[in-house]
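These notes concern the structure reproduced below.
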Amino acid sequence: MAKQQASGTGVEVAPLLIIGILTLVALSLWLWRGTNLQTSARPSSLVVLAPGGSVQPPPPRPAVETELRVPVLPEGVVSSHWRPRAVAVKSRSGVKKTGAATAQNQPHSEAAPQSEAVLLRPDGSELGLTLVPQVQRNIKRRLERVRVPYGAVVLMDVHSGAIKAWVEHQEAGEPAGEGNGLTRAVAPAASVFKIVTAAALLESGAQPETETCFHGGHHSITRKMLNNSAKDTECESLAMSLARSSNVAFGKQAVQRLSAGALTATAEDLFFGKALPFDVQAAPSAVNIGNTDLALARAAAGFVGTTLSPLHGAALAAAVANQGVLMHPYLVSSDSLQPGRVRTPKAIGRVMSGSVARDLREMMALTLTDGTGRLQFRSWPKALEKIQVAGKTGTLVRNVDGVYRHYTWFVGFAPAEDPQIAVAALAVNGKKWRIRGPSLARHALASWFLSAQGRAARSDKSAAQRPAHEPRSSPAPAAVIR
């Protein structure tokens, strides 16, 4: 009886053992297959075996995109709708108040410092701008006070391309001011184009000391003026001809050394006839040079064939100041919809040789010491008397469809010996004078250098150049800009 029970128990246990063993084997196979699939789906982080058996490094992982994507802004929206960034400032009583951001009170971040100016979208998000509110307001007030039919100012950081001032004003009811814009190449380039001609002449082998004798040409150039004559009693170097904006001297040099194609090629290198990449829709400045000697001479002097926008004028000056390298101009520095992304300054490229740019800088400095800009900068604020400015003036009258327009330009940079900021100022007057381009440029540059950012830039530069034993002088008081 006992044996039967034992044998019965043995019969019942054996199938259970077999089932258990099979279950463990199946589970092990399932686990092994899953692990193998995961391993084969994941690329090796150690090595990659090439077909020949050589060991290759693993492919690089794609970099995380950090560059800001900037939308193209409509014309006029920034100059009319920008505003200072509002920040919370704690008062002495401990109550937080809201005020405009300045260099002193804005929150600081090493990675991406907050902009002082912003542009708000309808949904409440904001674009950070490179503008300096204090400078913007000073220039805008000046334009409104003089009631110029049209006035425009662009200040551009020479080394980064950041736009520090972007101001325009059109007086209501003034036909002379209609049709202009900061990115519109409507105004004639006038004598500002002599910068381009000078660059082409220097590239052709002319030197700043190359002399030309001439006569006449203050308001026009005739064919007879281009021929050598006993009347040619005025003789100037190329450098002095640029400073004094001598029309016939430039016309004769262009006819002797250049062709229409060569001058056009230099102009195109400097983005005439091309759209300048920018955050706002921008029209290209025009260049159309005729093939006759007279047409070439008149275009070289700035009488005909070319137009210029204030944006392009500032970029042209910045390229000369930056040793011939043109930086990508930009207004937008951040976007609240793209946290973590930053705007990195970029070079468009070299637009002239370093030697040509160096010669042009020295030649343009003569405009303010011995040339057409000397009188306009006499009232430079005393606090800035050590800062020298370099530039080029331009003046031209147009009477189209019964509307009289007197265009005056100033395109330049400062300090002349170590440029930091470039400026383009355009004033369009009717028959009644309101303000000239050089005076507007002087006011804009003074506003910049007396602003917190301008003073900081000057202080940093002075500290870098000051000997270790020289004591730091107290900062100059801010002057009142009128």
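Observations on the model:
- Members of the stretch 227-245 found to be buried (at least 21 other Cβ atoms within 10 Å of the Cβ) and either out of contact with any Asp or Glu (no Cβ under 6 Å at 6 or more places or on another chain) or of a type in the set (K, R) (or both), listed by number: L238, A239, S241, L242, S245
- Some residue of the stretch 187-204 being touching a residue at least 40 places away in the same chain (Cβ under 8 Å), more than 30 Å from A347 (Cα to Cα) and under 28 Å from the mean Cα position of the chain (by Cα): no
- Inter-residue pairs, beta-carbon under 7 Å, first surrounded by 21 or more Cβ atoms within 10 Å (Cβ to Cβ) and in the stretch 331-342, second of a type in the set (V, I, T) and in a strand (DSSP E or B), 6+ apart: L331/I163; L331/V280
- Exclusive hit being without any contact (Cβ under 8 Å) to a residue 60 or more places away in the chain, within 18 Å of L440 (Cα to Cα) and surrounded by fewer than 21 Cβ atoms within 10 Å (Cβ to Cβ), set L368, L375: L375
- Condition check for G217: surrounded by 18 or more Cβ atoms within 10 Å (Cβ to Cβ) and modelled with pLDDT under 95: yes
- Every pair of residues 6+ apart whose Cβ atoms lie under 8 Å, when the first sits in the stretch 139-154 and is assigned by TED's automatic domain parsing to the domain that holds E178 and touching a residue at least 12 places away in the same chain (Cβ under 8 Å) while the second is hydroxyl-bearing (S, T, Y) and buried (at least 24 other Cβ atoms within 10 Å of the Cβ): I139/S447
- 1 or more residues among the acidic types (D, E) and over 20 Å from L294 (Cβ atoms): qualifying helices (runs of 4 or more DSSP H) within the stretch 170-260: 194-203
Conditions (1) touching a helix residue (DSSP H, G or I) at 6+ places or on another chain (Cβ under 6 Å); (2) part of a loop (DSSP other than H, G, I, E, B), marked per residue:
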{"position": "G373", "(1), (2)": "yes, yes"}
{"position": "R378", "(1), (2)": "no, yes"}
{"position": "T393", "(1), (2)": "yes, no"}
{"position": "N399", "(1), (2)": "no, no"}
{"position": "H406", "(1), (2)": "no, no"}
{"position": "W409", "(1), (2)": "yes, no"}
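- Residues that are out of contact with any Gly (no Cβ under 9 Å at 6 or more places or on another chain), crowded, with 18+ Cβ neighbours inside 10 Å and not aromatic (F, W, Y) within the stretch 163-179 comprise I163, A165, listed in sequence order.
- Taken over the stretch 251-265, the criterion of being surrounded by fewer than 24 Cβ atoms within 10 Å (Cβ to Cβ) and either touching a helix residue (DSSP H, G or I) at 6+ places or on another chain (Cβ under 7 Å) or not β-branched (V, I, T) (or both) is satisfied by V255, Q256, R257, L258, S259, A260, G261, A262, A265.
- Yes/no for R244 being basic (K, R), under 12 Å from R298 (Cα atoms) and in contact (Cβ under 8 Å) with a residue 40 or more places away in the chain: no
- Of all residues making up the stretch 435-474, the number that are of a type in the set (K, R) and at pLDDT 95 or above: 2
- The condition of being farther than 24 Å from L326 by Cβ, crowded, with 22+ Cβ neighbours inside 10 Å and touching a strand residue (DSSP E or B) at 6+ places or on another chain (Cβ under 8 Å) holds for only one of V248, V192, that being V248.
- F278 being part of a loop (DSSP other than H, G, I, E, B) and buried (at least 18 other Cβ atoms within 10 Å of the Cβ): yes
The values are calculated or read from the model by the stated rules, or taken from the named source; none is laboratory data. Owing to the predicted nature of the structure, the values given are computational and were not obtained by experimental measurement. Cβ coordinates were reconstructed from backbone atoms using ideal geometry, including for glycine residues, and neighbour counts include every protein chain displayed.
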